[in-house]
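No lab work stands behind these numbers, since they all come straight from the coordinates. This one's a predicted model, so the numbers in the text were calculated from it and none came from an experiment. For neighbour counting, all protein chains shown are included, and Cβ atoms are generated from backbone atoms with ideal geometry for every residue, glycine included.
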Amino acid sequence: MNPNFSKMRFGFFFPLTFMMREIKIDTKLSIYDSVAELSEEVKTLMQKAIEARIQAYAPYSKFNVGAALLLDNGQIVTGSNQENAAYPSGLCAERVAIFYAGAQYPKAKILKIAITAGSTMSVTDKPIPPCGACRQSIFEYEYKQDESIEIYFMGETGEVYKSDSIENLLPLTFDKKFL
């Protein structure tokens, strides 16, 4: 039987009517031409992310990422990606920094995060956003603290993108209400 038809009583077949609807999701990002356009506070944060990127351990992908968080207590926490030959065992820079902040400063809120990425194989001149797992982790902390986190991300050079909240990068969020 054709799955697009429904058998009614008396053996008659009628086409099934499906009402598909669409939703449109827009992303709003601010674009800075370079780090020079950022506020002094964010420039400092991005510089810390760059320093962390240089310390990344990425012998397999050759793709180094650094992240720096500004906490509401004034602390800056950094992290870099840490790879492992057993690939799922590594961690991204954003999660290294976020989890460290959560462990060391459990009551502090994350105000801003700066992320920079680069390859040892070629120049990365486009902004590199957080991966899906990092987006979900950033969202968990926005949810936990009930406040948005400003996210700044860039490659090694060039433009810097800013998102006022992770919800611009992860619009269909998953949280504890689904559990």
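Measuring against 18 Å, Cα to Cα, the residue pairs Lys107/Lys144; Lys144/Lys176; Lys24/Lys144 contain Lys24/Lys144 as the ones spanning a longer distance. Between the helical axis of 40-54 and the longest alpha-carbon principal axis of the chain there is an angle of about 90 degrees. Of all the options Ala49, Ala86, Ala97, the one that moves most in a Gaussian network model of the chain with Cα springs shorter than 10 angstrom is Ala86.
Show me 141-152, 24-35 ranked by packing, highest mean number of other Cβ atoms within 10 Å first.
Numbers: 141-152: 17.3, 24-35: 10.8.
Ranking, from highest mean packing down: 141-152, 24-35.
For the chain, the longest principal axis of the alpha carbon atoms and the long axis of helix 132-145 meet at an angle near 80°. Among the listed pairs Lys62/Lys162; Lys43/Lys126; Lys62/Lys112, those with a Cα-Cα distance over 23 Å are Lys62/Lys162; Lys62/Lys112.
Can you say what percent of the DSSP beta bridges in segment 40-156, counting only those with both residues inside, are antiparallel? Round to 5.
Working: 15 of 21 bridges.
Around 70 percent of the beta bridges assigned by DSSP in segment 40-156 are antiparallel ones.
Dimensions of the chain from C-alpha coordinates, computed as largest minus smallest value along each principal axis and given longest first, are 75, 38, 35 Å.
Hey, what number do you get for the chain at 222 nm if only DSSP H runs of n ≥ 4 count, each worth -39500 (n - 2.57), divided across all residues, to the nearest 500? If you can, show how the numbers build up before the last one.
On the way: 3 runs with 41 residues, N = 179.
Calculated from helices alone, the mean residue ellipticity at 222 nm is -7500 deg cm²/dmol.
Each Cα pair under 8 Å and six or more residues apart adds its sequence gap; the mean of these over the residue count of segment 26-178 is a relative contact order of 24 percent. Placing +1 on the Cβ of each Lys and Arg and -1 on the Cβ of each Asp and Glu in the chain, which of Ser30, Ala103, Asn64 has its Cα farthest towards the positive end of the resulting dipole? Among Ser30, Ala103, Asn64, the one farthest towards the positive end of the dipole of the chain is Ala103.
Counting only alpha carbon atoms, the long axis of helix 93-104 and the longest principal axis of the chain meet at about 70°.
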